[in-house]
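J.: Can you read through this structure? Questions will come right after.
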Amino acid sequence: MITKIMNSPVGQMISTWRMSEEGLRLGNQILQENDNLGEAIVRAVKCVEDDPAYVSVGYGGLPNREGQVELDAAYMDGDTLGTGAVISVKNLKNPIEAAYRLSKKNRSCILAGDGAMKYASYEGLAYQNMLTESSRKRYEEELKVSKQEEIRAYEGHDTVCVIGRSREGSMACGVSTSGLYMKEPGRVGDSPLIGSGFYADSEAGAAAATGMGEDIMKGCLSFSIVEKMRNGMNVQEACEKALREHWRRLERRGYPNNGMSVIAMDTQGNTGAATTLEEFPFVVAGENGCRLYVASMDQETGEHFLFVPDKEWIKNSKSD
């Protein structure tokens, strides 16, 4: 039994994919107890970064073509518009921590490669080998059975995105990913790019995206959603309209539907989500706890709806 919902879920936090549920519970607890938004978002993201079960974020992330796990993360403060990001870092245990600290800087706040690693070392952030034995074996098996040019990106290219709102109305967003499986070394997707993978403005709302980064960044998708809310559109409509317009724009240029999904929150805590997939799970948390929802798109009509998944759906779903 699937229960469709007619109104936007309300909460103080929203995150992408089922993999974020435990982290959002922890983050929401921090937010409910002391209203520390930054700490809540960082804690929620770190929970996913630390779990080797999720092969598209942090520890256990699937490697690039050279067998190295490259990580991207970003954080945006909606009060100040301060943004921090680290790009193409290796063996940094929690990239979101570096991104959060960088968001408080006015200059040199987006760092890549060696520069980002030097900053993390200066800040005393933890290092560890991010390639698990399981990911290494999967990489080696892929090399055995595929020609280099035939290796395809891992289909579950899932970024963890967390949006939050404090009781005082401050908004922020944090994202983290290990990017596409077998990507070219140094490849950058939408996740650490302001306006594409994330955007937060406490005067208008916040949004974040997950999916094929090269497609998402062609439309500055997250910024587009926030601007629609700024101009008076409700959060669910803003998600659907921005994604539909961008999807059609790509379609006219001959791009296939590689999968894009978005989440958003308005200044009142109303949340929305949209997807070009058949199903996209997301999590909303607030005073009454944490709840899983699913956004769905009819592949023929493009119509969207949200529903509360039942136990049977959760049991059979293959989505992270």
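The values are calculated or read from the model by the stated rules, or taken from the named source; none is laboratory data. This one's a predicted model, so the numbers in the text were calculated from it and none came from an experiment. In this analysis, Cβ positions are derived from the backbone assuming ideal geometry, glycine residues included, and neighbour counts consider all displayed protein chains. All accessible areas refer to the heavy atoms of the entire protein, side chains included, with ligands and DNA or RNA removed. Shrake-Rupley method; radii C 1.70, N 1.55, O 1.52, S 1.80 Å.
J.: Does Asp320 fit the bill of being within 21 Å of the chain's Cα centre (by Cα), more than 15 Å from Leu221 (Cβ to Cβ) and of a type in the set (Asp, Glu)? Working first, answer last.
T.: Numbers: within 21 Å of the chain's Cα centre (by Cα): yes; more than 15 Å from Leu221 (Cβ to Cβ): yes; of a type in the set (Asp, Glu): yes.
Spelling it out, Asp320 is indeed within 21 Å of the chain's Cα centre (by Cα), more than 15 Å from Leu221 (Cβ to Cβ) and of a type in the set (Asp, Glu).
J.: For the range 273-296, check the following and say yes or no: at least one residue is over 23 Å from Ile30 (Cβ atoms), surrounded by fewer than 23 Cβ atoms within 10 Å (Cβ to Cβ) and out of contact with any Ser or Thr (no Cβ under 9 Å at 6 or more places or on another chain).
T.: Looking through the range 273-296, none of the residues is over 23 Å from Ile30 (Cβ atoms), surrounded by fewer than 23 Cβ atoms within 10 Å (Cβ to Cβ) and out of contact with any Ser or Thr (no Cβ under 9 Å at 6 or more places or on another chain).
J.: Pairs only if they're at least six apart or on different chains, beta carbon under 8 angstrom, first in the range 14-31 and touching a residue at least 12 places away in the same chain (Cβ under 8 Å) and closer than 17 Å to Ala264 by Cα, second acidic (Asp, Glu) and in a helix (DSSP H, G or I); list them, first residue then second.
T.: The qualifying pairs are Ser15/Glu21.
J.: Pull out all pairs, ordered by first then second residue, where Cβ-Cβ is under 9 Å, the residues are six or more apart or on different chains, the first lies in the range 175-187 and is outside any strand (DSSP E or B) and surrounded by 21 or more Cβ atoms within 10 Å (Cβ to Cβ), and the second is at pLDDT 95 or above and of a type in the set (A, V, I, L, M, F, W, C).
T.: Sorted first by the residue in the range 175-187, then by its partner, the pairs are Ser178/Val57; Ser178/Val69; Ser178/Leu71; Ser178/Met130; Gly179/Leu71; Gly179/Val188.
J.: I would also like to ask the following. Among the residues of the range 62-86, write down those that are in contact with a Gly (Cβ under 8 Å, 6 or more places away or on another chain) and surrounded by 24 or more Cβ atoms within 10 Å (Cβ to Cβ). Explain how you work it out, then say what you get.
T.: From the range 62-86, those in contact with a Gly (Cβ under 8 Å, 6 or more places away or on another chain) are 64, 69-77; that's our starting set.
Passing the criteria: Val69, Glu70, Leu71, Asp72, Ala73, Ala74, Tyr75, Met76.
J.: Also, quick follow-up: Answer yes or no: is there a residue in the range 12-23 that is open to solvent by 30 Å² or more (accessible area, probe 1.4 Å), out of contact with any Lys or Arg (no Cβ under 9 Å at 6 or more places or on another chain) and under 21 Å from Asp190 (Cα atoms).
T.: Within the range 12-23, one or more residues are open to solvent by 30 Å² or more (accessible area, probe 1.4 Å), out of contact with any Lys or Arg (no Cβ under 9 Å at 6 or more places or on another chain) and under 21 Å from Asp190 (Cα atoms).
J.: Let me ask something else about it. Kindly state which strands (runs of 3 or more DSSP E) lie completely within the range 208-293 and contain at least 1 residues that are at pLDDT 95 or above and acidic (Asp, Glu). Before the answer, list the steps.
T.: Values: elements: 260-266, 271-275, 279-286.
Per the criteria, 260-266.
J.: Return yes when Asp201 is under 17 Å from Gly269 (Cα atoms) and modelled with pLDDT of 95 or more and no when it is not. If you could, list the steps in order and put the result at the bottom.
T.: Numbers: under 17 Å from Gly269 (Cα atoms): yes; modelled with pLDDT of 95 or more: yes.
The answer is yes for Asp201.
J.: Tell me, please, whether a residue that is over 15 Å from the mean Cα position of the chain (by Cα), within 23 Å of Lys183 (Cβ to Cβ), in contact (Cβ under 8 Å) with a residue 60 or more places away in the chain and surrounded by 17 or more Cβ atoms within 10 Å (Cβ to Cβ) can be found in the range 33-46.
T.: The initial filter retains those residues of the range 33-46 that are over 15 Å from the mean Cα position of the chain (by Cα), namely 33-40.
Still in the running and within 23 Å of Lys183 (Cβ to Cβ): none.
No: the range 33-46 contains no residue that is over 15 Å from the mean Cα position of the chain (by Cα), within 23 Å of Lys183 (Cβ to Cβ), in contact (Cβ under 8 Å) with a residue 60 or more places away in the chain and surrounded by 17 or more Cβ atoms within 10 Å (Cβ to Cβ).
J.: Please determine whether any residue of the range 94-111 is in contact (Cβ under 8 Å) with a residue 12 or more places away in the chain, more than 29 Å from Glu279 (Cβ to Cβ), open to solvent by 50 Å² or more (accessible area, probe 1.4 Å) and in contact with a Leu (Cβ under 9 Å, 6 or more places away or on another chain).
T.: yes
J.: Just one of the numbered conditions (1) under 19 Å from the mean Cα position of the chain (by Cα); (2) touching a residue at least 24 places away in the same chain (Cβ under 8 Å); (3) open to solvent by 10 Å² or more (accessible area, probe 1.4 Å) is not true of Val308; which one?
T.: Result: Val308 passes all but (1).
J.: For Ala120, state whether it is under 18 Å from Thr210 (Cα atoms), surrounded by 23 or more Cβ atoms within 10 Å (Cβ to Cβ), of a type in the set (Gly, Ala, Ser) and in contact with a Leu (Cβ under 7 Å, 6 or more places away or on another chain). Break it down into steps so the answer makes sense when it comes.
T.: Details: under 18 Å from Thr210 (Cα atoms): no; surrounded by 23 or more Cβ atoms within 10 Å (Cβ to Cβ): yes; of a type in the set (Gly, Ala, Ser): yes; in contact with a Leu (Cβ under 7 Å, 6 or more places away or on another chain): yes.
No: the conditions fail for Ala120.
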